[in-house]
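Chemist: Please find one structure pasted underneath; my questions will follow.
The values are calculated or read from the model by the stated rules, or taken from the named source; none is laboratory data. Note that the structure is a prediction, hence the values are computed from the model and not measured. Backbone-built Cβ (ideal geometry, glycine too); neighbour counts: all protein chains shown. Note: accessible area is taken over every heavy atom of the protein model, side chains too, but ligands, DNA and RNA are not part of it. Shrake-Rupley method; radii C 1.70, N 1.55, O 1.52, S 1.80 Å.
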Amino acid sequence: QSFDPRISSINNRLMDLCQVVSNYWQEQLNSDEGKKALDYLIRRGLTEGTRQEFKLGYAQESWDNLLKYLLKKDFTETEIFQAGFTVKKEQGTGYYDRFRDRVMFPIQDLHGNVVGFTGRAMKDEEMAKYVNTPESPIYHKSRIIYGLDKAKTAIRSGDYAVVVEGNMDVITAHQAGSRNVVA
């Protein structure tokens with residue numbers, strides 16, 4: 001497989017986009033609207049340090065808040081869609097935000113780059129409790145092990161890993177000192 005600078009450039013741009021979104025959602029967690037999400041994470045026992053280490057955030061309850069924010073940051077509608085943050089409208093043209101009113105869990109690659117997200121619904125009646133970033137040029141679900149970027153040193157030194165089901169399982173295990181846990 002030969003190196004294609006155009007693909008590398010697109011991938012770098014999408015990783016930059018994911019990092020901007022991660023930072024934005026972390027800020028939203030500490031906003032008035034994000035209080036319910038923050039309260040949820042606190043009820044689940046997560047400390048501020050853990051929330052920061054895992055870059056947890058909140059996607060506002062809005063159809064286009066993130067889209068408008070990213071357009072102002074000079075990302076294109078195509079890039080935002082490619083990264084999985086928007087969905088094409090069924091009627092007419094344009095896009096709407098994929099993640100709305102959700103606690104956001106960034107998914108990082110082995111090197112710690114944010115490449116995707118899992119969003120947990122804040123409302124119990126929401127049809128999909130969890131929504132994930134779709135496959136993208138930088139996010140390949142079958143190639144990502146959640147938490148491996150943080151667990152690799154402990155796995156190497158202990159010579160074993162513990163595999164659990166979900167993001168919260170990994171986060172709470174790490175907070176409790178079991179650093180070799182992944183999902």
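Chemist: State the answer as a single residue: which of 87, 67, 3 lies farthest towards the positive end of the charge dipole of segment 1-120, with beta carbon charges of +1 for Lys and Arg and -1 for Asp and Glu, about the Cα centre.
Modeler: The residue sitting most towards the positive pole is 87.
Chemist: Another question, then. Using +1 at the Cβ of each Lys and Arg and -1 at the Cβ of each Asp and Glu in segment 1-124, identify which of 45, 57, 14 lies farthest towards the dipole's positive end.
Modeler: Of 45, 57, 14, it is 45.
Chemist: Taking only DSSP H segments of four or more residues, each worth -39500 (n - 2.57), what value at 222 nm results for the chain once the sum is divided by all its residues, to the nearest 500 deg cm²/dmol?
Modeler: One gets -12000 deg cm²/dmol as the mean residue ellipticity at 222 nm.
Chemist: Which cross-chain or sequence-distant (5 or more) residues have an amide H under 5 Å from the amide H of residue 107, H modelled 1.01 Å from N in plane?
Modeler: Amide H to amide H, under 5 Å and 5 or more residues apart or across chains, residue 107 pairs with 115, 116, 117, 118.
Chemist: Could you tell me what % of all Cα pairs in the chain have separations over 27 Å?
Modeler: 29
Chemist: Could you give the accessible area per residue of segment 1-66, probe 1.4 Å, as a whole number in Å²?
Modeler: 58
Chemist: What dipole magnitude, in Debye to the nearest 20, does segment 41-183 give about its Cα centre under +1 on Lys/Arg Cβ and -1 on Asp/Glu Cβ?
Modeler: Using only the charged Cβ atoms, the result is roughly 220 debye.
Chemist: For residue 165 and residue 65, calculate 0.36 nm times their separation in residues minus their Cα-Cα distance, and state this gained length in nm to one decimal.
Modeler: 32.9 nm
Chemist: Further question on the same structure: Kindly write out, for segment 98-109 in residue order, the coupling ³J(HN,Hα) from the Karplus curve 6.51 cos²θ - 1.76 cosθ + 1.60 (θ = phi - 60°), rounded to whole Hz, with x marking Gly and Pro.
Modeler: 6, 9, 9, 6, 9, 6, 10, 10, x, 9, 10, 6
Chemist: Can I ask one more? Based on the mean of other Cβ atoms within 10 Å per residue, sort peptides 171-181, 88-98 so the most packed one is first.
Modeler: Highest to lowest by the protection proxy: 171-181, 88-98.
Chemist: Where in segment 60-75 does the label zone of residue 43 land, with the point 7 angstrom along Cα→C-beta and an amide N cut-off under 19 Å?
Modeler: 60-61
Chemist: Report the residue, chosen from 159, 109, 149, that carries the largest GNM mean-square fluctuation when the chain is represented by alpha-carbon nodes joined by springs under 10 Å.
Modeler: Answer for the Gaussian network model of the chain: 159.
Chemist: Amide H neighbours of residue 95 under 5 Å, counting only residues 5+ apart in sequence or on other chains, H built in-plane at 1.01 Å?
Modeler: The answer is 89.
Chemist: Ok, one more. Could you sort 50-61, 125-136, 2-13 so that the peptide with the highest average Cβ count within 10 Å comes first and the rest follow in order?
Modeler: Per-residue Cβ counts within 10 Å, averaged per peptide and sorted highest first, yield 50-61, 125-136, 2-13.
Chemist: Compute the separation of the alpha-carbon centres of segment 91-113 and segment 20-82 and state it in Å as a whole number.
Modeler: So the separation of the two Cα centres works out to 9 Å.
Chemist: A follow-up question, please. Return the long-range amide H neighbours of residue 146 (sequence gap of 5 or more, or a different chain), with a cut-off of under 5 Å between placed amide H atoms.
Modeler: Result for residue 146 returns 183.
Chemist: Ranking request for peptides 22-29, 115-122: highest mean number of other beta-carbon atoms within 10 Å first, then the rest in descending order.
Modeler: The most tightly packed comes first, giving 115-122, 22-29.
Chemist: Right, here's the next one. Under 13 Å from the Cβ of residue 79, count the other residues' Cβ atoms, weight Lys and Arg +1, Asp and Glu -1, and hand me the total.
Modeler: -1
Chemist: How large a share of the accessible area of segment 44-124, in percent, is made up of carbon and sulfur atoms when the probe is 1.4 Å and the other protein chains stay in place?
Modeler: 44
Chemist: Let me ask you something else. At R0 = 35 Å, how high is the FRET efficiency between residue 8 and residue 30 if r is their beta carbon distance? Nearest 0.05 is fine.
Modeler: It comes to 0.50.
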